[in-house]
Each structure stands twice: as C-alpha cells, then as structure tokens.
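Dumping the structure here so I can ask a few things about it.
The values are calculated or read from the model by the stated rules, or taken from the named source; none is laboratory data. It should be emphasised that the depicted structure is a prediction, and the values quoted were computed from it without experimental measurement. Note: ideal-geometry Cβ built from the backbone for every residue, glycine included; neighbour counts use all protein chains shown.
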C-alpha cells in the first residue's frame, strides 16, 4: 500500500489512519521552539481496508460476538452485560490491528494484516526523512510484533512498557537523538514523560477514552 502524498506548511504535518471500527492517528508536529509555543495539529484520515482472510476473520468474530452479546443481554439485561460488550469491542479492535495475538488458530493464517503492512510502509519513510517518532499502543503484544519487524528491518528503536525497570534510559536515548523510534505502551507512557525531541506521534490503536490519547500526544505537543 502506498502512502498518499499531501502538502502542508513546512512545520505541520499530521497523518490519521482508521480501519474498520476505529481511528488511528498519525500526528506529526514541529519540534523546534516547543518550549515557547505549541502548534496546531492537522489530521488526514486514511482508511485501512481489510482484505481476504483478515476480512473473513473479522466477520467471523463480529458475528460470534454479536450473538454472544444478544444472549447476554437477553439473560441479564443491558446493564449487566457491559463486560461482554467491552470484550466484543476489544476483539474487533485486535482483529483490525493484527489478529495474531488473539490466540485463535485461524488468526495465524492471516498472512499480511493490513495495518502492520501500512505501518511498515510509512515508518521507514519517516525515518529516512529524519523524523523522530513516538509510537503508542494499548497492547504490549502489539508492540512486541512491531518490535520484531523493526528488528528484522534494522530500524533502531527504544521501548517503554510497564515492564521497563529503568524508564530514564530509553527516554534519554531518544531525547539525545540516538534512535528515531520510541515504542511506548499507552498506559506506561501516557503521562509523566516530556519527549519534546519528537516531531511525530503515532497512535497505532485507539484507547477507550480519547482523553488518554490526547495526554499521550501531549508528551511531545506541549509547552516545555
């Protein structure tokens, strides 16, 4: 999949991706003068279309979870079925992002999931342009898959999750310009970080509360 060209002012460029049932935002912001000011974000919406086995898997999961929700609501009512509804949304999101962590045998038969393929089309271009990228995901399993692909392609990165013992080390390496890509778990890195060296923020998958995503973006797009 090729990235569509878009022209903006030299200091502001934002990419927004969304697949079925979701929006995934690629926010590209200027890093210069961040201490004195912040800049507006612009969004480009890009549809990630599911094809072939991934589309079939999505439809299978959707139909199964739809029936499961109907059964739960019929038995317990809407107010007591929230967990089932959230489970359905989670599974559909995982299916769109990358079905491999879903622990379904058929998920391993999806050869080239659409979103990872597009991400790996875009990331090398951004690195080649000299961009400094924060990549957030709510799923540590998703970050692990992205990490493996970065390793395979020889793209340098650092990672921060809840399992990271020395949080300062990856932050310092990224801020010092030693690596262009910072993989961050949304829960672990959504607050308490000041990553003003970044000029690009990627939300690979959505969070339940959009305010959490905004807080994560503010690690780069903020005063000081």
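Just to check your reading of the model, which residue among 19, 105 is at pLDDT below 70 and either in contact with a strand residue (DSSP E or B) (Cβ under 8 Å, 6 or more places away or on another chain) or surrounded by 19 or more Cβ atoms within 10 Å (Cβ to Cβ) (or both)? Lay out the reasoning, then the answer.
Working: 105 fails: either in contact with a strand residue (DSSP E or B) (Cβ under 8 Å, 6 or more places away or on another chain) or surrounded by 19 or more Cβ atoms within 10 Å (Cβ to Cβ) (or both).
Residue meeting the stated conditions: 19.
Condition test on residue 173, is it under 16 Å from residue 194 (Cβ atoms), at pLDDT 95 or above and out of contact with any helix residue (DSSP H, G or I) (no Cβ under 6 Å at 6 or more places or on another chain)? Talk me through it step by step, then tell me what you get.
Details: under 16 Å from residue 194 (Cβ atoms): yes; at pLDDT 95 or above: yes; out of contact with any helix residue (DSSP H, G or I) (no Cβ under 6 Å at 6 or more places or on another chain): yes.
Considered against the rule, which asks whether it is under 16 Å from residue 194 (Cβ atoms), at pLDDT 95 or above and out of contact with any helix residue (DSSP H, G or I) (no Cβ under 6 Å at 6 or more places or on another chain), residue 173 comes out as yes.
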